[in-house]
1. Hull surface divided by four, with the convex hull built on the Cα atoms of the range 220-367: how many nm²?
2. What FRET efficiency do you get for residue 189 and residue 35 if R0 is 56 Å and r is their Cβ-Cβ distance, rounded to the nearest 0.05?
3. Could you tell me the distance between the Cα centroids of the range 208-249 and the range 83-103, to the nearest Å?
4. If you restrict to DSSP beta bridges whose two residues both lie in the range 37-139, what percentage is antiparallel, to the nearest 5?
5. Based on the alpha-carbon gyration tensor of the range 231-288, what equivalent-ellipsoid semi-axes (square roots of 5 times the eigenvalues) come out, in whole Å, largest first?
6. Could you compute the net charge surrounding residue 204? Neighbours are other residues with a C-beta less than 14 Å from the C-beta of residue 204; K and R count +1, D and E count -1.
7. Which part of the range 134-159 falls in the paramagnetic zone of residue 115, meaning amide N under 20 Å from the point 7 Å along Cα-to-beta-carbon?
8. Please identify every one of the GluC sites (Glu not before Pro) in the range 265-334 that sits in a loop by DSSP and has no more than 13 other beta carbons within 10 Å of its own beta carbon.
Amino acid sequence: MKNKALILALTLVMAMSLVLSGCGGEKKAEAPKQDKLKVAFVYIGPVGDAGWTYAHDQARKYLVEKMPDVQTTIIESVPEGADSERVITQLAEQGNKIIFTTSFGYMDPTINVAKKYPGITFLHCSGFKTAPNVGTYFGRIYQARYLTGIAAGKQTKSNTIGYVAAFPIPEVIRGINAFTQGVRSVNPEAKVKVVWTNTWYDPAKEKQAALTLLDAGSDVIAQHQDTPGPMQAAQEKGKFGIGYNTDMSKMAPKAVLTSALWNWGPYYVKVVDAVKKGTWKSEQYWGPMSDDVVAIAPFGPMVTDETKKLVEDAKKKILNNQWDVFHGPVKDQSGQIKIAAGQKMSDADMLSFNWFVEGVDGTIPKQ
């Protein structure tokens with residue numbers, strides 16, 4: 001009897017539980033977790049290069065901070081050419097919906113892979129080829145180069161400024177020319193002596209090129225390279241330097257006057273947000289200083305107030321669109337006028353620069 005009574009009591013309890021749960025309403029099913037948007041980056045150098053790749057990776061971190069629903073992947077030190085096509089294909093196969101390829105030599109590989117994956121958005125840095133799912137992006141770093149040239153032109157005593165340059169492509173040539181225009185705007189007697197390294201990332205080679213220029217009489221070193229090697233060479237020789245990509249004063253505090261900077265973070269957020277919303281369209285973005293994609297670093301303590309004012313005045317003109325670096329008259333090395341007074345160099349001509357301005361000491365090798 002006791003067993004029958006116990007069974008009956010348990011049955012009643014279970015029945016009441018079912019009734020009560022019914023009175024409480026149905027339990028809503030949890031919404032499935034949304035997968036994070038997968039975004040990949042292909043880098044030419046290591047993230048610790050303190051230069052080009054470091055600047056891109058800082059921007060990637062900015063993207064993750066601003067958009068927590070994004071998951072990023074990076075592949076470092078990918079050679080330009082066929083190997084980069086293999087890496088880009090691998091990232092596409094892994095489900096990345098946006099792929100940023102961050103070096104000029106990735107241009108054709110990016111286009112080739114994009115044809116096979118029309119549902120993926122590709123952004124190529126510094127190139128000029130596009131497709132419905134491929135855009136290009138760059139910034140008008142030549143504007144920042146011009147401003148740093150003013151600082152170099154005021155600092156030199158020997159009137160010889162060395163420039164350690166990577167490859168003889170329009171991007172690098174444009175930077176040398178803009179820097180030289182800045183130098184000679186305040187010091188018409190100065191010249192900019194160019195040495196080519198034919199490498200983006202080779203700390204030893206870049207440093208040695210700077211040492212060669214310093215031994216030849218340069219007392220300020222500028223660079224279009226991805227490491228602080230040239231700035232360290234300048235400091236070792238008791239001379240000065242103009243950094244590139246990031247604020248290189250940390251690596252050579254006694255030498256660096258200022259640096260031409262990249263700030264990709266806001267652009268990355270803007271692009272990824274547009275892809276998520278379905279509003280992105282292929283374009284060739286070439287952002288000016290007013291977009292904050294390019295800038296100059298704080299000045300070193302050796303830079304005078306007079307120099308700072310000259311730089312600030314020129315910066316205001318650029319930001320207000322009153323004037324740009326390649327407004328005429330502009331002469332080439334032979335003294336021939338290439339851009340007449342009152343005229344402005346077109347973007348197309350700037351993007352295909354293949355000549356040096358007056359004041360550059362060097363030649364452009366045939367590729």
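1. For the range 220-367, the mean projected area of the Cα convex hull comes to 11.9 nm².
2. E(calc), rounded to 0.05, equals 0.35.
3. Centre-to-centre (Cα) distance: 34 Å.
4. 5
5. Details: eigenvalues 284, 20, 8 Å².
Semi-axes, largest first: 38, 10, 6 Å.
6. Values: positive: 205, 207; negative: 49, 202, 206, 226, 236.
Taking every Cβ under 14 Å from that of residue 204, the sum is -3.
7. Hits in the range 134-159 for residue 115 at 20 Å: 134-136.
8. Values: sites: 283, 306, 312; in loops: 283.
Filter output for the range 265-334: 283.
Read the figures in this text as sums done on the coordinates, not as results from a lab. In this text the structure is predicted, and so the values were computed from the model without any measurement. We place every Cβ from the backbone using ideal geometry, glycine too, and count neighbours over all the protein chains shown.
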